[in-house]
1. Rounded to two decimal places and with Rh computed the Kirkwood way over Cα pairs, what is Rg over Rh for the protein assembly as shown?
2. Once you list every other residue whose beta carbon is under 10 Å from the beta carbon of B:LEU382, what net charge do they have if Lys and Arg are +1 and Asp and Glu are -1?
3. I'd like to check one number: the per residue accessible area of chain B, probe 1.4 Å, reported in Å² as a whole number.
4. Would you tell me the mean number of C-beta atoms belonging to other protein chains that fall within 10 Å of each C-beta in A:6-14, as a whole number?
5. If r is the Cβ-Cβ distance from B:SER26 to B:VAL92 and R0 is 56 Å, what FRET efficiency results, to the nearest 0.05?
6. Quick check: with the 1.4 Å probe, what order do A:LYS7, B:LYS130, B:LYS232 take by accessible area, largest first?
7. What GluC sites (Glu not before Pro) in region B:17-106 are in a loop by DSSP, with at most 11 other Cβ atoms within 10 Å of the Cβ?
8. Set the Förster radius R0 to 22 Å, insert the Cβ-Cβ distance between A:ARG64 and A:LEU20 as r into 1/(1 + (r/R0)^6), and round the FRET efficiency to 0.05.
Amino acid sequence: MFDVQTKLLKSDVFEYLLDLEIKKAMRYQYFFSLLIIEPDLREDTYNEADIIKATADIISDEVRITDTIGRIGNNKFYVILPHAETITTLTVAERIRSRIENYTFSKNSSVIKNTISIGAACFPTHSNELKNLVSSAAQMINRAKNIGGNTVCLPS
Amino acid sequence: MNKKETILIVDDEKDMRFYIENLITSFGYNAASVGSGYEAIEKVKTINPALILLDLMMPEMDGIEVLRRLKEINGDIPVIMLSAHGSTDNVVKAMKIGASDFINKPFEPEVIEITLSQVLERKNLLLEVKRLKEEINKQTRYDLIFSNNKKMTDIKSIIEQVAETNITVLVRGESGTGKELVARAIHATSLRRDKPFVKVLCTALPDNLLESELFGYEKGAFTGAMRRKPGKFELANTGSIFLDEIGDMHPTLQSKLLQVLQDGEFARVGGESDVKVDVRVIAATNKDLDRAVKEGTFREDLFFRLNVISIIVPPLRERKEDIPFLIEHFLNKYNLQYNKGLKKLSEETMARFMEYNWPGNVRELENMIKRVVILGNEKTVLTRFKSLDAHTDFGYQNEVQIIKTDKAKKAAPDNGFSLKSVNKRAIAEVEKETIKDILNKTRWNRKEAAQLLKISYKSLLNKIKDYELDKI
């Protein structure tokens, strides 16, 4: 259920919870949003594992304890923010982005900086269905990365 | 969990195979093993393992390629990768193709045991979910199909014709005829079938609440609006919305609804900006909307807008030839649900069912069958029919009259002199008999009895105690 390295949810459990969140939001009529967060790793990033771990910790620290975080694939994090509509989503995402930007990943006295890209989509504003919601957020993270990373993107 | 599941081990090293096989057998599973990818692919076709342990590095065909082929053959079998060379690249690759987990060699026996049981448990859960989903799909598909009636087959063809368009449909018919099923069938046959189907019962909420339910509200729109709430129309975006009992909607809401139908746009309560939606509207009512329009309680423009295609579901009494099929269907449904084995109704009950005029339509029939299945006999249903035959309205009125005169005579004084006490005793006698009778009629359903007697539930309980009435 939990990823050993980051202690975050594994992808299948996360997917189940995302599906459940959609059903709950549909039934009890509330907004929620999905963030996809990916560190902007470069070819020469030699301590990838440490960065992933530290990024995971920062995300867990920045979101509410009721938010759900999953590690999807090797270096992507998905976050469910219940009751967050577009403005809140943007605020939270921006806060995580800037915290990572200012964070110093250090190992063996060397100082390393790293940034992240965030793509987000909001239910039901951008989509009211699992697949589309994920693909909108995925499109947004691609856009964020294409414009150079260290950015938060939301569907307009 | 059933531990006698077969696990297939694929590894080119003989010792390793032997070791894992022993380990797995000791955990209580069955084990089978092969030495190459090709053999694995052949083996999967014959033994259908519950899980596969697959070595990543093998000569000829490597683990990744084997995994890909295995997933093509049967994507439901979970595969756990084993590797002594666990590079991140291969892990990612295998996970992307669909490996369930990864174990690094060398490993502790417990790691294998825990991983196996976790993966198998997950697999069983997924299979269960899949099965339940199929069951639900099947149910919604079949509910409408059984019918020999011309009107019903007509409805089916109308549904098929309109389903793929985005036309608004108005479903009309008496209560309990299956208007919602028609709406669901339209959605299920439409191109929007994978999108949400949102149902709103317009009578369930007071008007102002219904407005915020349908259109949502902004934070601070009214006291208690703590945060922005999306409306049902937003939730149904790209799908269908089913507005049940639309005839009871308040005229002010009707105009807002009309605006959504015309422009596909609306504002949340307390909001300024418009929300754009693409929703197919299916409305239903058991009211005579033509008359409501004439009386001015239903907006004419909205009526025309909704009434592009109108489907009228006939009441059950006009399609009695469907009753046997419906009975069979509901018997099966409730036998399954309550784990009972009632296969057929008796001739007598069937005859009664065919005669009856079913004011509550299919829903009434369904409830009756449900009761028969749960109780396991048809007695109560038959009793009900008999009492319906004998008197309308359970015939209480007439019987009470008879009791009154009869008992009043008997209550004449034989040991009392005061007229007042005679009066009291007579009333008590009559009351007692009446209450007893009604209680027996309602099978001691005290709530129903109290309603029929037009007294409060509590005073009925008091009277039962006073007159020392007992269930016989």
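1. Numbers: Rg = 33.7 Å, Rh = 30.7 Å.
Using Cα coordinates only, the ratio equals 1.10.
2. Details: positive: B:ARG352, B:LYS379, B:ARG384, B:LYS386; negative: B:GLU348, B:GLU378.
So the environment of B:LEU382 carries a net charge of +2.
3. Heavy-atom accessible area per residue stands at 55 Å².
4. Neighbouring Cβ atoms belonging to other protein chains average 1 per residue here.
5. Here the calculated transfer efficiency is 0.95.
6. Details: A:LYS7 140, B:LYS130 95, B:LYS232 25 Å².
The ordering from most to least exposed comes out as A:LYS7, B:LYS130, B:LYS232.
7. Here the sparse-neighbourhood loop sites are B:GLU60.
8. The calculated FRET efficiency here is 0.80.
The values are calculated or read from the model by the stated rules, or taken from the named source; none is laboratory data. Worth saying up front: this structure is predicted, and the values here are computed from it rather than measured. Quick reminder, even Gly has a Cβ in these numbers, built from the backbone with ideal geometry, and neighbours come from all protein chains shown. Ligands, DNA and RNA are stripped out before the accessible areas are found, and what is left, the full protein with its side chains, is counted by its heavy atoms. Shrake-Rupley method; radii C 1.70, N 1.55, O 1.52, S 1.80 Å.
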